[in-house]
Every structure is written in structure tokens, then in C-alpha cells.
1. I'd like the full set of residues that are outside any helix (DSSP H, G or I) and surrounded by fewer than 13 Cβ atoms within 10 Å (Cβ to Cβ), limited to segment 18-55.
2. So which residues in segment 72-85 are among the small types (Gly, Ala, Ser) and open to solvent by less than 20 Å² (accessible area, probe 1.4 Å)?
3. How many of the residues in segment 1-17 are at pLDDT below 95 and assigned to a loop (DSSP other than H, G, I, E, B)?
4. Let me spell it out: the conditions are (1) of a type in the set (Lys, Arg); (2) in contact with a Ser or Thr (Cβ under 6 Å, 6 or more places away or on another chain); (3) open to solvent by less than 20 Å² (accessible area, probe 1.4 Å), and residue 109 meets all of them except one. Which number is the exception?
5. With the structure loaded, tell me whether residue 55 is over 25 Å from residue 70 (Cβ atoms) and in contact (Cβ under 8 Å) with a residue 60 or more places away in the chain or whether it fails that test.
6. Please determine, by comparing only the residues of segment 57-71 that are over 17 Å from the mean Cα position of the chain (by Cα) and open to solvent by less than 70 Å² (accessible area, probe 1.4 Å), which one is nearest to residue 10 (Cα to Cα).
7. Please specify each residue of segment 86-95 satisfying the condition of being farther than 16 Å from residue 140 by Cα and open to solvent by 20 Å² or more (accessible area, probe 1.4 Å).
8. Those residues that are open to solvent by less than 50 Å² (accessible area, probe 1.4 Å) and either among the polar types (S, T, N, Q) or without any contact (Cβ under 8 Å) to a residue 40 or more places away in the chain (or both), I need them from segment 179-193; list them, please.
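The values are calculated or read from the model by the stated rules, or taken from the named source; none is laboratory data. If you're wondering where the values come from, they're calculated on a predicted model, not measured in any experiment. Backbone-built Cβ (ideal geometry, glycine too); neighbour counts: all protein chains shown. Protein only, heavy atoms only, side chains kept; ligands, DNA and RNA dropped before computing areas. Shrake-Rupley method; radii C 1.70, N 1.55, O 1.52, S 1.80 Å.
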Amino acid sequence: MSKTPKVKICGIRKVDDLKVCVEEGADLIGINFVSSSPRLVSPKEAEILITYLYTSVPSFLRPKIVFLFYKSSTQYIETLLKNLQHDYVQYVSDDSLAPGETSPLYQTKDSRIISYRVRGNVNDDSLHFLTSDLLILDSYKSDAGGGTGESFPWDQVSEVRRPYLLAGGLTPENVAKALSQTKAYGVDVASGVESSPGNKDQELIRNFIRNAKQFSYNGN
């Protein structure tokens, strides 16, 4: 059966960029609350984006909303999750400040996404400790939780069968090749569709989504 990859556009800050994501059929959009990121949005800016999705986009066309946290305080996370609508919460696996599994802020397995930064060959067994239905497999950089624009050798994830979004250094030019090589459930991009850090390029967004969605593979 032919499968079409899921596409997540991360670090959306402007409604006009969000509109392009919707028009092209993005499956998920990431709203970044990481203080060190050039894609950081304020709670008010996030509210504007979310309001647009819920008032102007039919539910069947609405991408899922993912909140990104890294090195964020528990109080900050709690306030945002309480006051803003969202579908998923994304945490980085080695974030020492992330809520523990017993915290309600950690969400349930099907409503959290854990990002794991790859530093060598991995497989389902080595990733079994990551307790979410969907993973993000990203490149590693010691001082960043993601969005580095750097890729990693894709053959390092060739044995992973559980659903994951491939991230790290993806662009409109290489996304089809990445999917062909990894057979990933989907892809996640931030800097690869930007003209400068934090500033999305709408043409790059369009091309990335189209190139990813045109690719399909026969899944088992």
C-alpha cells in the first residue's frame, strides 16, 4: 500500500507563512517556545496563529499544532498548555528540565513527541526507552535542542521501524532523497525553509511540502 509522508513545518511565527503550510497540506506545524531559538514566539503571537487555525481553517484541513519546549521552566510550560490549544507537546529526550513521566505536563504517549538527537547507529531496541508514539530523529549539537540545519548520516536510522519524523539539515532539494533512503514516517524542517534564521521563505515551504508529498513508498 502506497504511503505519503507526513510533513511538519517547525518554527512558524507569521500567519502568512501558516497560510502557505495549510494551502500545501502540511500535517503538523511547530510553535517554538524555546528561549534560545530564533524561532521563539511569545504567548500572544502563538495565540494569533492558533486563532487563525481554529477560525479560518476547516478541521479536516487544519494541521496538528505542536508546542516545542527545551530547557523551559515547569511554570512556563504549565501556563502555555493551560491557556493555548494544542495537539502535541514536543520535548527533547535529554532535556534535564523536561517534566518527568509522572507529571501531567508530560502528556500521554499519543499526545507527546520526543525528539532524540542521533549520535550513532540506532534501532527500535536502543530507542525503546523513548515513550511516545511518534519520535523525531534529529542531528546532535550539544548546545541546541534542534533547528541546527545540520544533517546526520541517514544510514544511522536505517533499522528504525517505529514511526518517526526525520529532521536535521533537510531542504526542498534533499527531502525526497532522505525519504527514499530512510522510509521515514515523515519529515520535520525548520531552517531548511528559511531565508535567514527564524524567517520563513514561503517558496521554500511550498517546494519542501510538494517535494515530500510527491514522494511515496510501499510500506509493509
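1. 35, 36, 42
2. Once the filter is applied, which keeps residues that are among the small types (Gly, Ala, Ser) and open to solvent by less than 20 Å² (accessible area, probe 1.4 Å), segment 72-85 yields only 72.
3. Count: 2.
4. (3)
5. no
6. Checking each candidate, the answer is 57.
7. Correct list: 86, 87, 88.
8. 182, 191
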